[in-house]
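Structure, as structure tokens:
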Amino acid sequence: MRAIMVMFDTLNRHWLPPYGCDWIHAPNFQRLAEKTVVFDNCYVGSMPCMPARRELHTGRYNFLHRSWGPVEPFDDSMPELLKKQGVYTHLVTDHQHYWEDGGATYHTRYSSHEFIRGQEGDPWKGHVGEIEIEQQMAHDLQKPLFRQDQINREYFPRGREEDFPQAQTFSRGMEFIRKNSQEDRWFLQLETFDPHEPFYAPQKYRDLYPHEYNGRLFDWPPMGPVSETPEEIAHIRYEYAALLSMCDAHLGKVLDLMDELDMWKDTMLIVNTDHGFLLGEHDYWAKNAQPWYNEIAHTPLFIWDPRSGKKAERRSSLVQMIDMAPTLLDFFGLQVPKDMTGKPLRETVLSDQPVREAALFGIHGGHVNCTDGRYVYMRGPMSPDNGPLYEYTLMPTHMKNMYLPNELQNMELQEPFSFTKNCQTLKVPVGFQWFNVYRFGTKLFDVVNDPKQQHELDAPDVELRFIRIMAELMTASDSPPEQFVRLGIPVDGIMDESSLKQQKKEILANGKVHILKGIEWTREAQNQWHFLLSLIPAAHREMIQQGFVQFAENIGISQVNSQLISQFVDFAIPPENREMVKMILPTVTRTD
């Protein structure tokens with residue numbers, strides 16, 4: 001028995017032919033659907049990249065307790081469990097986040113691993129001097145990430161597909177498959193960073209989507225609201241399509257190899273992704289700065305299980321990333337640890353047997369979302385400070401750096417959670433979060449009758465049912481108690497309609513700004529003001545508020561709006577921080 005997982009990053013299911021897209025050139029995804037079971041109700045769990053991979057390893061939610069970070073000392077790691085029981089595990093990937101501080105304990109859980117360099121802003125090739133490019137860029141080359149990306153691209157020009165990191169990743173993965181095709185009991189995780197941004201693909205795939213475009217170099221969308229021209233929006237969608245077609249071509253090579261080596265009789269194949277992506281839908285780009293609409297959260301999943309032989313069939317059961325670890329452990333005949341809350345999908349593949357009534361998903365400190373496949377409920381925080389909120393970890397790192405000493409000065413020791421193997425963890429107060437979702441409020445959508453999530457529902461009976469379900473699921477995950485407080489959800493999940501109505505009034509009142517009384521504040525200005533205060537140390541907030549009152553009174557106003565907040569930023573924020581603040585301000589005005 002062998003298993004192969006082909007994992008893409010940022011794969012939007014709505015752009016795949018098996019899920020209804022009729023203009024993307026992706027014949028191998030269609031071919032894949034004919035060889036596997038296709039899941040119509042797969043949802044993310046924890047967002048984004050490394051939180052999703054912790055779920056892949058541990059089979060349990062990450063986002064209720066922690067944000068981006070490594071595998072913890074107490075975690076059950078699926079590839080490591082396989083390795084210890086005699087199943088050889090190999091990771092081949094060009095996903096550079098594995099080699100940063102916030103992901104550095106994942107790849108070492110495998111028996112062996114290969115890393116292909118050069119994706120995104122991977123600090124790969126060195127270049128000291130100025131960079132010359134032929135075209136104006138949408139991004140500032142003074143920023144290290146964008147500068148490094150342009151340096152990396154010099155080493156895989158568009159005309160040489162074999163030099164691209166994705167091409168090398170698939171080549172190394174297929175090398176492993178061919179070399180070990182006669183061996184038993186191994187698991188290969190063949191994982192490419194594509195079609196993650198930047199959407200940089202060989203020319204032959206771009207030629208599949210001819211269009212007229214004479215603008216700046218724009219293949220890396222910002223994280224936030226859309227402000228680009230219609231021509232730029234169309235162009236970057238074609239750039240994503242080209243990269244997706246490249247992914248399809250290399251997926252086809254894996255399918256060809258499995259055909260050639262007659263592997264379908266005893267080799268499981270899983271094709272999945274960590275999350276989707278917004279390409280202008282809901283007037284947003286990317287992820288993290290907006291609610292988890294279905295373009296991000298509702299993901300593709302394909303599974304071939306040779307034990308059942310089911311193929312070219314659809315499954316409607318609700319499944320998630322947390323089910324991948326139990327499914328693989330079960331496939332190799334190993335016991336699923338008690339701390340894994342995901343479920344093996346053997347019977348779901350066989351006969352669409354459900355494994356859950358509902359599922360949670362989200363990002364640490366964002367909405368806690370819940371779906372039953374019919375509705376999506378996005379529960380926001382009670383107040384603009386988004387608190388109380390803590391990180392629970394023994395590995396205090398962010399994405400690319402360790403925690404700073406000042407972040408740890410108020411940490412405490414937390415009593416063990418049910419899954420920490422009797423280990424205490426650090427309990428670290430969360431500081432600034434630029435994607436605070438208070439401004440969006442709580443949202444409810446009927447995704448069957450409104451799949452594009454364009455119309456929020458006002459249905460207290462449905463909302464009360466989801467509050468109960470969320471409380472049950474959070475309790476089952478041993479959620480920190482303050483998450484219930486932050487969201488205003490009773491631990492037992494029991495609320496009535498009058499209490500819910502009163503709570504909504506309280507949430508709106510919490511957003512009011514209590515300076516310049518008697519002067520109207522627009523909702524956008526209130527959101528921006530709360531964001532500005534979150535940047536200021538608590539000891540200095542009173543001084544900033546007094547300064548704003550004096551500033552507003554000196555120029556004379558009848559309303560506090562976004563324009564006034566922007567003027568105050570120019571007046572009060574130091575020049576070295578002003579650009580960053582003004583860049584983020586537009587993202588915090590959106591309430592939908």
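Bear in mind that the values in this text are calculations on the coordinates, not laboratory data. What you see is a predicted model, and the numbers here were worked out from it, not measured in a lab. Neighbour counts are summed over all protein chains in view; Cβ atoms, including those assigned to glycine, are modelled from backbone coordinates with ideal geometry.
Laid out as a table, the results:
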read-out	value
Cβ charges +1 (Lys, Arg) and -1 (Asp, Glu), total dipole of the chain, debye	860
FRET efficiency estimate (nearest 0.05) - Cβ-Cβ, GLN559 to LEU508, R0 25 angstrom	0.85
Proxy reagent accessibility, fewest Cβ within 10 Å first, across CYS247, CYS423	CYS423, CYS247
FRET E, pair ASP385, ASP283, Förster distance 35 Å, beta-carbon r, rounded to 0.05	0.85
In nm, spacing of pseudo-spin labels at GLU472 and ILE515 (7 Å Cα→C-beta vector)	4.7
Distance-filtered residues of region 1-34 - backbone nitrogen under 16 Å, label point 7 angstrom along ASP184 Cα→Cβ	1-3
Added length on full extension, which subtracts the Cα-Cα distance from 0.36 nm per residue, LYS35 to ARG117	26.4 nm
Label-point separation in nm, PHE74 to ASP207, each point 7 Å along Cα→Cβ	5.7
Expected-Rg normalisation [2.2 N^0.38 Å, Cα atoms] applied to region 464-555	1.47
Potential lengthening between ASP446 and ASP458 on full extension [0.36 nm per residue; Cα-Cα distance subtracted]	3.3 nm
Among GLY280, PRO300, GLN290 the positive-end extreme of the charge dipole of the chain (Cβ point charges)	PRO300
Cβ-derived FRET efficiency at R0 51 Å, ASP262 paired with VAL485, nearest 0.05	0.35
Gain on full stretching of the segment that runs from VAL430 to ARG578 - 0.36 nm per residue minus C-alpha separation	51.0 nm
Per-residue Cβ neighbour rank within 10 angstrom, fewest leading, ASP94, ASP219	ASP219, ASP94
Estimated distance in nm for a label pair at MET1 and ARG153, the labels positioned 7 Å out from Cα along Cα-to-Cβ	4.6
Loop-exposed GluC sites (Glu not before Pro) per DSSP, neighbour cap 12 Cβ within 10 angstrom, longest uninterrupted part of the chain	358-592
P(r) histogram, all alpha-carbon pairs of region 520-588 included - 10 Å bins from 0, percent	20, 59, 22, 0
Prolate/oblate/rounded label for region 550-592 (Cα gyration tensor, a/c 1.5)	oblate
Assigned charges on the beta-carbon of Lys, Arg, Asp, Glu; region 497-575 dipole about Cα centre (debye)	260
Sites excluded, chymotrypsin sites (Phe, Trp or Tyr not before Pro) in DSSP loops with at most 12 other C-beta within 10 Å, longest stretch of the chain	24-431
Rg/Rh for the chain, where both radii come from Cα atoms and Rh is the Kirkwood radius	0.96
Ascending count of other beta-carbon atoms within 10 Å, so fewest first, for SER316, SER46	SER316, SER46
Label-reachable residues, region 9-44, where backbone N falls under 12 Å from a point 7 Å from GLU313's Cα toward its Cβ	36-38
Distance histogram for region 178-319 (every C-alpha pair counted, 10 angstrom bins, percent rounded to whole numbers)	9, 32, 30, 20, 8, 1
Average Cα contact separation per residue, the chain, under 8 Å, 6 or more apart, as relative contact order %	19
DSSP-defined beta bridges in the chain - what % are antiparallel, rounded to 5	50
Rel. contact order, % - alpha carbon contacts under 8 angstrom, at least six apart, region 189-281	35
Estimated Rh, region 166-240: Kirkwood, alpha-carbon pairs, angstrom	15.2
